[in-house]
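A quick write-up on the structure given underneath.
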Amino acid sequence: MNKTFLCLASALLWGPSCFIDAADPIAVGTRRELMLDDFLFESVQNLTFRQHTIKDEERVLDLNADWEGRKYFGITACGYPVVFRDGDLYRMYYASYYGLRLKPLDVQQQFTCYAESRDGITWNRVHLRKHAFQGNTNNNILLKGQTSHNFAPFIDTRPNIPADEKYKAVGGNGKAYVFASSDGLNWRKLREAPILDGEEPAFDRYGAIRWGFNPDNERAILDSLNVAYWDSTTQRYVLNFRAYLPCLNRDGTKMLKETRSVMRCTSKDFRHWENIEPIRYGEPRRSEIHSLYTSNAQPYFRAPHLIIGLPLRTANRRPFAGTSFGMSETAFMYSRDTLNYTLFDEALMRPGRDVGNWSKHGNLTAWGLLQTSEDELSAYYLQRDHQKDTYIRRGTIRIDGFRSLYAGRYPGGEAISHPLVFKGDCLGINAQTGANGGITIGFLDADTQKPIKGFEKSNEFYGDQIQTFIHFGNSRDISMMSGRRIRLKISMYNANLYSLKFSGS
């Protein structure tokens, strides 16, 4: 591999990774830490990190309304759902590309549609009477026009936000515009000019292509579900958006002109944006490995310092099925700084046995996760996309249950953490064991790694609990170690540990 190739790959494809300075303790405070990988641990012996999957549940919305296309084109033309909880109400927004199926096409006949639920299971279109479709306003069309191609709202969690900006959104294909609302239903642009239009120098710096590789055409960006959120850790808004960027081939031996990829930028006020750059994976981008159609990046509501993504990862067309450019699956990734991501090889959701989901948007997952019971999260995704019977399905996964620290049969193994500093007087875990399994946790002095007297080894936990507190004898009080540099020694067999959290009583 020649020097020029390596320099180009380094400049365009690779960014630095995040490293832990082992000399400094990790200040976990009272944060919930998910067992996504070995971030917390200095050593892991005879344990592995296991990825879990989303379980299919019921169909929640058949996309069969006239303005959703099926009646006129024989297939449904909908996509890019967004869901979030708003008090006791669950909201869903999704796009209809009705106008893109017309001949000639009419980009203004794209719609943002709206549905609601009280439990996350039964969803109903809300007839808003805002826009007429073929002379009738009895529909759930919330917005129409080009920015409805991928209109993506969210609740702004920034402190002290004005009441008329409680809800914010980004929309636009090729150019991005920002919106605000006081109620999630009536929207206004925050500025008339786009926040991104493809002429920013960063796009040339990172090699983002123009449509058809023609310099006179618009930049090939933003033609997907582009999502924004407030990041409480960096105190910035973050926008993740689609761009076509150079990559290596799957084997890493050849430079290719493009793959579908993700860039991000940040803002202090949601109106002016900066820091435009590709998200990083700790290795050069490669075709199919890092080919992401969407990012679906979002702060995890139980641990907002963790940004999790359920991206649609694409593969090239293959003979037995695959529509348009190829096939897709839902992957899983996470970040601690909104820029550097760990993208796992194993899919969170594969296309499955229904051949209708082996398509370019197969199992395209909505932005947003909803807690629909004490122990489960619900995700929502398209099934049989752009076919005659497209619908949205709900799927479930255990709370915090994307990945776990896993132990096999007895005697299992153990993990010893980096030095930690916590706050609080108890330690809760989300864990599951087999009938003959168990988990114990001990506290070590961070420097000597000798057990701390009275906390050498907890009572053994066995069972299946979303939250249970570790006990030492009859007490769960660990306040005497709060603020002290400690290490955790976790011993387990026939068990999954999903998350842990220090807290006060």
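The values are calculated or read from the model by the stated rules, or taken from the named source; none is laboratory data. Just so it is clear, the structure is predicted and the values come from calculations on it, not from any experiment. Note that we place each Cβ from the backbone using ideal geometry, even for glycine, and neighbour counts take in every protein chain shown. What goes into the accessible areas is simple: the full protein's heavy atoms, side chains included, and nothing from ligands, DNA or RNA. Shrake-Rupley method; radii C 1.70, N 1.55, O 1.52, S 1.80 Å.
Would you pick out the residues in region 371-417 that are open to solvent by 10 Å² or more (accessible area, probe 1.4 Å) and β-branched (Val, Ile, Thr)?
If the condition is that a residue be open to solvent by 10 Å² or more (accessible area, probe 1.4 Å) and β-branched (Val, Ile, Thr), then THR372, THR396, ILE397, ILE416 are the ones that fit.
So the check is Cβ under 6 Å with 6+ separation or different chains; which pairs have a first residue in region 443-467 that's at negative phi and touching a residue at least 40 places away in the same chain (Cβ under 8 Å) and a second one that's among the aromatic types (Phe, Trp, Tyr) and surrounded by 15 or more Cβ atoms within 10 Å (Cβ to Cβ)?
PHE443/PHE455
List every residue pair whose Cβ atoms lie under 6 Å apart, where the two residues are 6 or more positions apart in sequence or sit on different chains, the first residue falls within region 103-117 and is closer than 16 Å to ALA132 by Cα, and the second residue, located anywhere, is in a loop (DSSP other than H, G, I, E, B).
Matching pairs, first to second residue: GLN108/GLY145; GLN110/TYR97; THR112/PHE151; CYS113/ASN140; TYR114/VAL126; TYR114/ASN140.
Go through region 66-94 and give me each residue that's of a type in the set (A, V, I, L, M) and surrounded by fewer than 21 Cβ atoms within 10 Å (Cβ to Cβ).
Residues of region 66-94 of a type in the set (A, V, I, L, M): 75, 77, 82-83, 89, 92.
The answer is ILE75, LEU89.
Go through (1) of a type in the set (Gly, Ala, Ser); (2) assigned to a loop (DSSP other than H, G, I, E, B); (3) open to solvent by 40 Å² or more (accessible area, probe 1.4 Å) for ALA435 and report which single condition fails.
(2)
So which residues in region 23-53 are under 22 Å from the mean Cα position of the chain (by Cα) and either at pLDDT below 95 or open to solvent by 20 Å² or more (accessible area, probe 1.4 Å) (or both), if there are any at all?
Residues satisfying the conditions are ARG31, ARG32, ASP37, ASP38, PHE39, PHE49, ARG50, HIS52, THR53.
Being more than 16 Å from MET492 (Cα to Cα), open to solvent by 10 Å² or more (accessible area, probe 1.4 Å) and in contact with a strand residue (DSSP E or B) (Cβ under 6 Å, 6 or more places away or on another chain) is the filter here; which residues of region 418-432 pass it?
HIS418, VAL421, LYS423, GLY424
Name the residues in region 231-259 that are under 11 Å from THR338 (Cα atoms), of a type in the set (Val, Ile, Thr) and crowded, with 17+ Cβ neighbours inside 10 Å, would you?
Listed by number, the list holds a single entry, VAL238.
What are the pairs, 6+ residues apart or on separate chains, where a residue within region 408-423 that is of a type in the set (Phe, Trp, Tyr) has its Cβ under 7 Å from a residue that is surrounded by 19 or more Cβ atoms within 10 Å (Cβ to Cβ) and modelled with pLDDT of 95 or more?
So the pair list comes out as TYR410/TYR493; TYR410/ASN494; PHE422/VAL28; PHE422/PHE502.
Given region 276-365, what strands (runs of 3 or more DSSP E) lie entirely inside it while holding 2 or more residues that are modelled with pLDDT under 95 and either open to solvent by less than 20 Å² (accessible area, probe 1.4 Å) or hydrophobic (A, V, I, L, M, F, W, C) (or both)? Reasoning before the result, please.
On the way: elements: 297-300, 303-309, 312-316, 326-330, 333-335, 341-343.
Correct list: 312-316, 326-330.
Looking at region 119-157 only, could you name the residues that are farther than 17 Å from GLY69 by Cα, in a strand (DSSP E or B) and open to solvent by less than 40 Å² (accessible area, probe 1.4 Å)? Quick ask: steps written out before the conclusion?
Initial filter on region 119-157 (farther than 17 Å from GLY69 by Cα): 119-124, 126-130, 147, 151-157.
After this cut, where a residue has to be in a strand (DSSP E or B) as well, the list is 123-124, 152-155.
Passing the criteria: TRP123, ALA152, PRO153, PHE154.
Pairs, please: C-beta under 6 Å, at least 6 apart or cross-chain, first residue within 16 Å of SER224 (Cβ to Cβ) and of a type in the set (S, T, N, Q) and in region 264-293, second assigned to a loop (DSSP other than H, G, I, E, B) and modelled with pLDDT of 95 or more?
Every condition considered, no pair remains.
Among the residues of region 72-96 satisfying the criterion of being without any contact (Cβ under 8 Å) to a residue 60 or more places away in the chain and under 17 Å from ASP62 (Cβ atoms), which is nearest to the chain's Cα centre (by Cα)?
The first filter runs over region 72-96 and keeps only residues without any contact (Cβ under 8 Å) to a residue 60 or more places away in the chain, leaving 72-73, 87-89, 95-96.
Add one more test, that the residue is under 17 Å from ASP62 (Cβ atoms), and what stays is 72-73, 95-96.
Details: TYR72: 34, PHE73: 32, ALA95: 19, SER96: 22 Å.
Filtering first and then ranking leaves ALA95.
Just checking, how many residues over region 438-478 are in a strand (DSSP E or B) and over 15 Å from ALA407 (Cα atoms)?
Within region 438-478, the subset in a strand (DSSP E or B) is 438-445, 451, 461, 464-469, 472, 475.
Filter once more, keeping what is over 15 Å from ALA407 (Cα atoms): 442-445, 451, 465-469, 472, 475.
Residues flagged as in a strand (DSSP E or B) and over 15 Å from ALA407 (Cα atoms) within region 438-478 amount to 12.
Within region 165-190, can you find the residues that are of a type in the set (D, E, K, R) and either under 22 Å from the mean Cα position of the chain (by Cα) or open to solvent by less than 70 Å² (accessible area, probe 1.4 Å) (or both)?
Keep residues of region 165-190 that are of a type in the set (D, E, K, R), which gives 165-166, 168, 175, 183, 188-189.
Those that are of a type in the set (D, E, K, R) and either under 22 Å from the mean Cα position of the chain (by Cα) or open to solvent by less than 70 Å² (accessible area, probe 1.4 Å) (or both): GLU165, LYS166, LYS168, ASP183.
What do you reckon, is ASN217 exposed (fewer than 15 other Cβ atoms within 10 Å of the Cβ) and in contact with a strand residue (DSSP E or B) (Cβ under 8 Å, 6 or more places away or on another chain)? Break it down stepwise before answering.
On the way: exposed (fewer than 15 other Cβ atoms within 10 Å of the Cβ): yes; in contact with a strand residue (DSSP E or B) (Cβ under 8 Å, 6 or more places away or on another chain): yes.
For ASN217, the condition - exposed (fewer than 15 other Cβ atoms within 10 Å of the Cβ) and in contact with a strand residue (DSSP E or B) (Cβ under 8 Å, 6 or more places away or on another chain) - is met.
Can you confirm whether PRO159 is at pLDDT 95 or above and touching a Gly at 6+ places or on another chain (Cβ under 7 Å)? Before you say what the answer is, go through the steps one by one.
On the way: at pLDDT 95 or above: yes; touching a Gly at 6+ places or on another chain (Cβ under 7 Å): no.
Taking the combined requirement at face value, the residue does not satisfy it.
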